[in-house]
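The values are calculated or read from the model by the stated rules, or taken from the named source; none is laboratory data. Computed from a predicted structure; not experimentally measured. Glycine also receives a Cβ, built like all others from the backbone with ideal geometry; neighbour counts cover every protein chain displayed. Ligands, DNA and RNA are excluded from the accessible area calculation, which covers all protein heavy atoms including side chains. Shrake-Rupley method; radii C 1.70, N 1.55, O 1.52, S 1.80 Å.
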Amino acid sequence: MRSRWLAVATALTLSTALAACGSSNDKSSSSASTATTASLPGKGKPAVTLGDKNFTEQYVLGELYAQALRAKGFTVKVKSNIGSSEITDKALTSHQIDFYPEYTGVITTELAKMSDQPASAQDTYDKAKAFESKRGYAVLDKTPFFDADGLAVEPAYAKKYKLVDVGDLKNVPGKFRFGAPPENKTRYQGVVGMQKAYGLKNIDFKPLTIGLQYKALDTGKIDVAAVFTTDAQLAGGKLTVLKDTKGIFGYQNVAPVVNKKVLAAEGPAFTATLNAVSAKLTNAAMQSMNSAVDLDKQKPAVVAQKFLQANGLL
């Protein structure tokens, strides 16, 4: 679902976003306080700042990585809800954060602006890693889970216009109302790709805050919604997700992007801890945690703590 703005607009928005974003110092990990100092590899290491973007899955990811690190004695501050990838990347490169979880396809397409679409998940990861390395950042292990942007419609709407593939939206007479985050208007993994790859000229773009697209779809304010494939609202097949045969939404595994100097200062246990968390994040696990936050109204910190404890990471 993971503009993908002009430099001035980005910088201004970044300042506003960081001023407003939440900051947490989670105290729920009791293991860090009960373990002996000698057993905590993060003790005495420099404090680090973790950022996350502006939607549920990112809040959960931020808590997962932060709490796991704190359990190892590392001092971690979280700047949450920073904004889009462009804004969060600017926070990284301006040293306002030290690392954050990013989607590999977003790195290649939206941050690196690569014209050639990667051929596989591994190819995407390799290209993302090479791009970030040239900038002084390391891309750690990617997660098993794969979260991509997608397009969802009501089943009745899909049936009425015979929609199976994204390209079938040509069958809609006149324009269809497409609800998505504002940055999707200028992203290849959004309106640009829909126009270039699928030839869709009948898009009526409706900018929406992430999370509001499902209500807009349900109330008939939009016809097509931009979604993330691990969204809790997609469980149970209540909506029809259109096939992306042209591959415009790419491959979207998650990997922490970390300043190389920070990584060296924190030591090998820092990398090992983040990689251990990533290894446990399957599609089923992420959709379940997203559901607990979005549908069950649990706090991301609580959801993350339960997952880490269940997987022996706290």
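Structural remarks
- Checked against the criterion of being in contact with a strand residue (DSSP E or B) (Cβ under 7 Å, 6 or more places away or on another chain), open to solvent by less than 10 Å² (accessible area, probe 1.4 Å) and either aliphatic (A, V, I, L, M) or assigned to a helix (DSSP H, G or I) (or both), the candidates Val262, Val277, Val258 yield just one match: Val258.
- Answer residue from the range 71-94, given it is part of a helix (DSSP H, G or I) and among the hydroxyl-bearing types (Ser, Thr, Tyr) and is surrounded by the fewest Cβ atoms within 10 Å (Cβ to Cβ) among those: Thr93
- Restricting Ile248, Ile210 to residues that are modelled with pLDDT under 95, of a type in the set (A, V, I, L, M) and touching a Pro at 6+ places or on another chain (Cβ under 7 Å) narrows the list to Ile210.
- Within the range 209-220, considering residues that are in a loop (DSSP other than H, G, I, E, B) and closer than 21 Å to Pro155 by Cβ, the one least open to solvent (accessible area, probe 1.4 Å): Gly220
- Filtered residues of the range 103-119 (kept if surrounded by 23 or more Cβ atoms within 10 Å (Cβ to Cβ) and under 13 Å from Phe131 (Cα atoms)): Thr104, Gly105, Val106, Ile107, Thr108, Thr109, Glu110
- Any chance Asp141 is under 14 Å from Gly250 (Cα atoms), open to solvent by 50 Å² or more (accessible area, probe 1.4 Å) and assigned to a loop (DSSP other than H, G, I, E, B): no
- Within the range 95-120, the residues that satisfy the criterion of being of a type outside the set (Gly, Ala, Ser), over 20 Å from Val60 (Cα atoms) and part of a loop (DSSP other than H, G, I, E, B) are His95, Gln96, Lys113, Met114, Asp116, Gln117, Pro118.
- Residues in the range 151-180 that are closer than 10 Å to Ala225 by Cα and either buried (at least 21 other Cβ atoms within 10 Å of the Cβ) or touching a Phe, Trp or Tyr at 6+ places or on another chain (Cβ under 6 Å) (or both): 6 in all.
- Residue within the range 53-70 that is part of a loop (DSSP other than H, G, I, E, B), small (Gly, Ala, Ser) and at pLDDT 95 or above present: no
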